[in-house]
Amino acid sequence: MSYRVCLPTAGTGSRLGELTRFLNKSLVGIANRPILSHLIEQFSEDAEFVIALGHKGHLVREFLALAYPAKRFLFAEVSPFEGPSSGLGLSLLACQQYLQQPFVFISCDTLVRGAPIPPPETNWMACAEVGDLAPYRTLALRGGNVEAICEKGEGRLGSHQAYIGLAGIHDHQAFWTAMQSGGAQAIHTGEAYGLRALLPQGIAAHTLPWYDTGNPPALTRAREAYQEPDAPNILEKATESIWFVDSQVIKFSDDEKFIANRVRRVEQLVGYVPIVTGTQPHMYRYGKVAGQVMSEVVTLPLFDRLLTHSEGFWTRQSLGEASSQAFRQTCMAFYREKTHERVALFYRNFGRQDGTEAINGRALPTLASLLAKVDWNWLADGLPGRFHGDFHFENILWNSDAQQFCFLDWRQDFGGNLATGDINYDLAKLLHGLIISHELIARDLYGVDWQADAIRYDFHRKQVLVACERHFAHWLRQAGYDVAKVWTLTALIYLNIAALHHAPYSLLLYALGKDMLAITLEDYDAN
């Protein structure tokens with residue numbers, strides 16, 4: 001049976017906090033895919049979706065255009081989607097014109113796993129057994145049917161089950177008549193208002209395996225349940241996401257210029273990165289590349305092979321006097337000015353301030369005094385050439401069958417320049433990933449304790465990455481690179497990215513960056 005599914009995504013998702021500041025709540029990730037993908041794929045291939053749009057609705061449109069170009073989606077704009085006159089019922093009424101037939105309603109925080117969702121051949125409501133009914137609207141059941149639809153706090157264990165925000169609406173005309181006549185109460189109550197009008201006709205009850213995604217604790221449980229053992233380790237960022245949908249990879253950024261420049265740079269990176277197959281203002285798509293991330297397969301010989309391969313990628317550019325001067329200015333801004341901006345952002349984001357806390361038992365001055373000692377002119381004297389910009393193991397794939405590397409998630413520019421970057425920065429990015437393992441961070445194998453007068457941090461390391469780090473230092477010297485410059489840039493990278501991650505990982509990055517910078521500056525003085 002082909003049917004339509006009503007999927008409201010208009011709300012702000014305020015219960016999820018910062019996760020929905022830059023994203024629609026249906027695009028929050030579970031197992032490296034948006035909740036929206038899991039929702040859609042719960043239904044049959046020929047199901048059509050009527051989607052209510054509001055908060056960040058343009059991102060829902062963009063994602064669906066890239067991820068499911070062959071599926072049919074009908075969109076309804078909801079206004080207002082927040083404030084006292086908004087409500088789930090208003091989202092439903094906005095979709096009414098597309099739902100003059102039997103349909104399924106599903107809230108965008110309802111995941112069902114391991115059981116088919118029935119078509120709307122009859123009226124039905126889905127429920128689940130939970131230990132605490134208080135947070136949920138409940139269904140009073142008798143003989144496999146719904147006897148009453150109860151508000152939060154009215155349900156009793158044994159006679160009631162939690163309603164999970166999923167229902168089949170066969171008698172759609174009676175449903176819409178009730179919703180239209182219900183006024184403000186129908187808008188506030190949502191689909192339950194219209195469903196109560198169907199009780200005389202009969203509503204079957206279906207108990208289904210349910211995962212809620214509407215609040216942080218529930219979302220955490222859903223993420224644990226959907227976690228895939230061999231999934232890539234991608235650390236979350238508030239303004240960026242990478243999603244895997246079937247054989248496609250979709251990269252999201254809140255910044256339209258970021259996406260546009262990423263796509264433009266593919267022309268300069270041909271042969272080393274995937275070909276982009278689709279774009280939207282905030283997203284681009286490319287085919288999933290066969291292989292494994294380097295962090296999963298790295299050995300010392302393979303790492304050495306990567307370095308040899310990368311030497312062909314890091315082609316240097318000969319610049320004239322004016323271009324050289326402009327490049328040095330770009331490096332200066334990229335390293336010095338950006339570092340000061342990011343450090344200030346870190347202090348604002350996490351309520352910290354520059355201090356003289358001892359780090360791991362070693363007395364240190366303020367970070368400002370350390371940054372003042374950096375020879376920025378020396379650091380800005382970079383190596384102009386082709387660059388990746390975020391060159392670490394999680395962005396490098398190795399296909400053992402084809403014996404090929406592929407570079408992913410390249411940076412959109414280097415200080416505004418799309419064609420020329422500092423090769424030293426790629427080298428430092430590689431080093432930063434050898435020191436900090438994304439996999440171990442994702443498993444919370446680190447600790448940081450920030451007190452008024454002392455910071456202590458620690459993190460696990462893989463022995464193979466320690467060996468690669470030693471080999472890398474030797475390789476840099478043999479290849480004629482400035483090892484001190486690479487190490488200094490690595491310390492600055494940690495300080496820069498600290499503001500972009502969530503606590504407590506952000507605190508670890510700051511402490512490590514400051515500690516490493518102090519050590520490199522001491523080495524300068526010693527030499």
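The values are calculated or read from the model by the stated rules, or taken from the named source; none is laboratory data. Everything numeric in this text was worked out from a predicted model, so none of it was measured. Every residue, glycine as well, gets a Cβ built from its backbone with ideal geometry; the counts of neighbours run over all protein chains shown. Protein only, heavy atoms only, side chains kept; ligands, DNA and RNA dropped before computing areas. Shrake-Rupley method; radii C 1.70, N 1.55, O 1.52, S 1.80 Å.
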Selected residue (only one of 132, 171 is among the charged types (D, E, K, R) and under 22 Å from residue 91 (Cα atoms)): 171
Residue 96: out of contact with any strand residue (DSSP E or B) (no Cβ under 7 Å at 6 or more places or on another chain) and either of a type in the set (Lys, Arg) or surrounded by fewer than 14 Cβ atoms within 10 Å (Cβ to Cβ) (or both), yes or no? no
Residue in the stretch 289-301 that is in a loop (DSSP other than H, G, I, E, B), touching a Phe, Trp or Tyr at 6+ places or on another chain (Cβ under 7 Å) and within 17 Å of residue 251 (Cα to Cα) present: no
Across the stretch 457-510, what is the total count of residues that are under 31 Å from the mean Cα position of the chain (by Cα) and among the charged types (D, E, K, R)? 4
Name the residue, out of 385, 351, that is at pLDDT 95 or above, within 31 Å of the chain's Cα centre (by Cα) and open to solvent by 60 Å² or more (accessible area, probe 1.4 Å). 351
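Can you name every residue in the stretch 106-128 that is under 31 Å from the mean Cα position of the chain (by Cα) and open to solvent by 30 Å² or more (accessible area, probe 1.4 Å)? Break it down into steps so the answer makes sense when it comes.
Quick first cut of the stretch 106-128, residues under 31 Å from the mean Cα position of the chain (by Cα) only: 106-117, 126-128.
Of everything in the stretch 106-128, those that are under 31 Å from the mean Cα position of the chain (by Cα) and open to solvent by 30 Å² or more (accessible area, probe 1.4 Å) turn out to be 109, 113, 114, 115, 116.
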When the stretch 194-223 is examined, which residues are found to be open to solvent by 60 Å² or more (accessible area, probe 1.4 Å), in contact (Cβ under 8 Å) with a residue 60 or more places away in the chain and out of contact with any strand residue (DSSP E or B) (no Cβ under 8 Å at 6 or more places or on another chain)? 201, 216
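Taking residue 201, is it polar (S, T, N, Q) and more than 35 Å from the chain's Cα centre (by Cα)?
Values: polar (S, T, N, Q): yes; more than 35 Å from the chain's Cα centre (by Cα): yes.
Considered against the rule, which asks whether it is polar (S, T, N, Q) and more than 35 Å from the chain's Cα centre (by Cα), residue 201 comes out as yes.
Mind checking which residues of the stretch 469-482 are under 22 Å from residue 301 (Cβ atoms) and either out of contact with any Asp or Glu (no Cβ under 9 Å at 6 or more places or on another chain) or of a type in the set (Asp, Glu) (or both)? Give the derivation first.
Step one: filter the stretch 469-482 for residues under 22 Å from residue 301 (Cβ atoms), giving 469-479, 481.
469, 470, 472, 473, 474, 477, 478, 481 - these are the residues of the stretch 469-482 that are under 22 Å from residue 301 (Cβ atoms) and either out of contact with any Asp or Glu (no Cβ under 9 Å at 6 or more places or on another chain) or of a type in the set (Asp, Glu) (or both).
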